[in-house]
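Derivation of every value follows stated rules applied to the coordinates shown; laboratory data play no part. The structure presented is a predicted model; accordingly, all values stated were derived computationally and were not measured. Here the Cβ positions follow ideal geometry from the backbone for every residue, glycine too, while neighbour counts run over all protein chains shown.
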Amino acid sequence: MAFRFVTGNEGKVREARDYLADLEPVDQIDYDYTEVQSDSLAEIAAHGAREAFEELGSDEPVLVDDAGLFVDALEGFPGPYSAYVEDTVGVERLWRLASEEENRRARFKTVLAYADEDGTETFKGTVAGTLVAPRGEGGFGYDPIFEYNGQTMAEMSTEEKNAISHRGRALAEFAEWYAGRD
């Protein structure tokens, strides 16, 4: 059996393979599930996982994740709309908006949804940091403006970033749950 991770992002799949290597193989599946509009990452991920499991057939479980950047001073914006905001407004403009705020605390959150014939479960991962002026050449998305322990995620190596990542924390929570089944 294998986990089918529904994503077009090879980086997510590599991270999942690292965290889940002792449980099951992870296969990347490119399937365009319906992304419901919601303020809840859990609702978005769970809906995508259930739809993908049902539409793709087979009895192999499906994994889907949804993630976002939640800025405290902006009432959690952009949150579940982070990809859309990045594509339309851009990282630098979001930074300019946040730079006007005294409180620049933010969190990256991921919800990983697992679907199989028995239902759907969700697992959360969060990493807290501070928004700063863009720095670094690595990573993607909001990594250049998200600082954790003095470094932006764009300044970290892949290994350093994965060691503290929100997705990794969700994957670790899932792996513990999955290993404890039966």
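Using DSSP loop states and a limit of at most 10 other Cβ atoms within 10 Å to flag GluC sites (Glu not before Pro), what is the longest stretch of the chain containing no flagged site?
Here the longest run is 1-74.
The charge dipole of region 3-179, taken about its Cα centre with unit charges on the Cβ of Lys, Arg, Asp and Glu (plus for the first two, minus for the last two), comes to roughly 780 debye. Applied to region 70-78, the Karplus parametrisation 6.51 cos²θ - 1.76 cosθ + 1.60 on θ = phi - 60° returns per-residue 3J(HN,Hα) values of 10, 9, 4, 5, 9, 6, x, 5, x Hz, with x for Gly and Pro.
A crude spin-label estimate for the pair residue 181 and residue 159, with each label 7 Å from Cα along the Cβ direction, gives 3.2 nm. In terms of surrounding Cβ atoms within a 10 Å radius of their Cβ, 29, 145, 44, 164 rank from fewest to most as 164, 29, 44, 145.
Computing FRET efficiency as 1/(1 + (r/R0)^6) for residue 116 and residue 89, where r is the C-beta to C-beta distance and R0 is 35 Å, gives about 0.40.
Name the residue from 84, 41, 164 whose Cα lies farthest towards the positive end of the charge dipole of region 3-179, charges +1 on Cβ of Lys and Arg and -1 on Cβ of Asp and Glu. Most positive-ward Cα: 164. Multiplying the residue separation of residue 55 and residue 96 by 0.36 nm and removing their Cα-Cα distance gives an extension gain of 10.6 nm. A DSSP coil position with no more than 16 other Cβ atoms inside 10 Å describes the following trypsin sites (Lys or Arg not before Pro) in region 122-182: 135, 181. In summary, the convex hull built on the alpha carbon positions of the chain has an orientation-averaged projected area of 10.1 nm². Restricting region 1-37 to chymotrypsin sites (Phe, Trp or Tyr not before Pro) that sit in a DSSP loop and have at most 13 other Cβ atoms within 10 Å of their own Cβ leaves nothing. For the chain, the longest principal axis of the alpha carbon atoms and the long axis of helix 166-179 meet at an angle near 20°.
In this rough spin-label picture, where each label sits 7 Å from Cα along the Cβ direction, the residue 32-residue 18 distance is 3.1 nm.
Take every pair of alpha-carbon atoms less than 8 Å apart whose residues are at least six positions apart; their mean separation over the length of region 3-179 yields a relative contact order of 20 percent.
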